[in-house]
1. Non-local amide H neighbours of Glu82 (under 5 Å, H modeled in plane, Pro and chain starts lacking H): which ones?
2. Using the 2.2 N^0.38 Å rule of thumb for compact globular proteins, work out how region 53-189 stacks up: its C-alpha Rg over that value, please.
3. Across region 109-121, in residue order, what do the Karplus-derived ³J(HN,Hα) couplings come to in whole Hz, using 6.51 cos²θ - 1.76 cosθ + 1.60 with θ = phi - 60° and x for Gly and Pro?
4. Quick one: Karplus J couplings for region 161-172, per residue in order, coefficients 6.51, -1.76, 1.60, θ = phi - 60°, nearest Hz, x for Gly and Pro?
5. For every other residue with a beta carbon closer than 15 angstrom to the beta carbon of Ala63, add +1 if it is Lys or Arg and -1 if Asp or Glu, then tell me the sum.
6. Of Thr129, Tyr85, Val175, which is farthest along the charge dipole of region 53-189 in the positive direction, counting Lys and Arg as +1 and Asp and Glu as -1 at C-beta?
7. Can you give me the long-range amide H partners of Ala72? Hydrogens built in the peptide plane at 1.01 Å from N, cutoff under 5 Å, separation of 5 or more residues or another chain.
8. Pop out the ³J(HN,Hα) list for region 126-136 in order, Karplus 6.51 cos²θ - 1.76 cosθ + 1.60 with θ = phi - 60°, rounded to Hz; leave Gly and Pro as x.
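Bear in mind these aren't lab numbers, they're just calculated from the coordinates by the rules spelled out. Keep in mind that what you see is a predicted model, and the values were worked out from it rather than measured. Positions of Cβ are generated from backbone atoms using ideal geometry, with glycine treated the same way; all protein chains shown enter the neighbour counts.
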Amino acid sequence: MGMCNACGEVYGALDMQGQYCTKCYEKNKETILEELKKEEQAKVKMQEPTDNTVPMIFGLMGAFIMIVGIFAPIVSVPIVGEINYFNHGKGDGMIVALIGVISIVLVLTKQYVWLALSGLSSLAVLGYTAMTIQNHLGSLRIEITTSSTNEAFQGLANSLIAQVTFEWGFALLIVASIMVLISAFVKGKQ
């Protein structure tokens, strides 16, 4: 037993939703089914993330990782140990952190065109750092080879230089920059 939503009468026979008497249901069947369909679509739409949500979350994650990633080790040097990009507030790590903060602002204000520029800037700074490290190592090899006559020292120095490696923090920063770029391009196409 229930009360019909259309006519207000108490009825015994239930329709498929249990909201209308048989007479009102048959009379308004198409309208009732359309309303039910709209209600279902609204429920599904509320459960799905909006088109803006995914690029926004992806961009925010990338920017946050970019800021935190400067504290991860980017280079491992024998005897010295691991060096991070922060470097006591000096150097290119601060530029990447600033780009990360700017990226967060750009994502929150939905400025996805400028966000692409921020991702590219971060990749450019990382590329510059990688080239600078490689150039310093190359110069160091040449200097050791030309200035030292002691072959044992040359061998030891070259083996130490060969052990200088990029660490996981450098890859993390690259991935973060790419995440920011993907966020900008995905949103830009929508």
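1. It is Val77, by chain and number.
2. On the way: Rg = 18.3 Å, N = 137, 2.2 N^0.38 = 14.3 Å.
The reported ratio for this selection is 1.28.
3. Values per residue, Gly and Pro as x: 8, 6, 9, 6, 5, 6, 5, 4, 5, 5, x, 5, 4 Hz.
4. Karplus values, whole Hz, x for Gly and Pro: 5, 5, 8, 6, 9, 6, 9, 5, x, 5, 5, 4.
5. Details: positive: Lys110, Lys187; negative: none.
Counting the neighbours of Ala63, the net charge comes to +2.
6. Farthest towards the positive pole: Val175.
7. Under 5 Å from the amide H of Ala72 lie the amide H atoms of Tyr85, each far enough along the sequence or on another chain.
8. 5, x, 4, 4, 4, 5, 4, 4, 5, 5, 5
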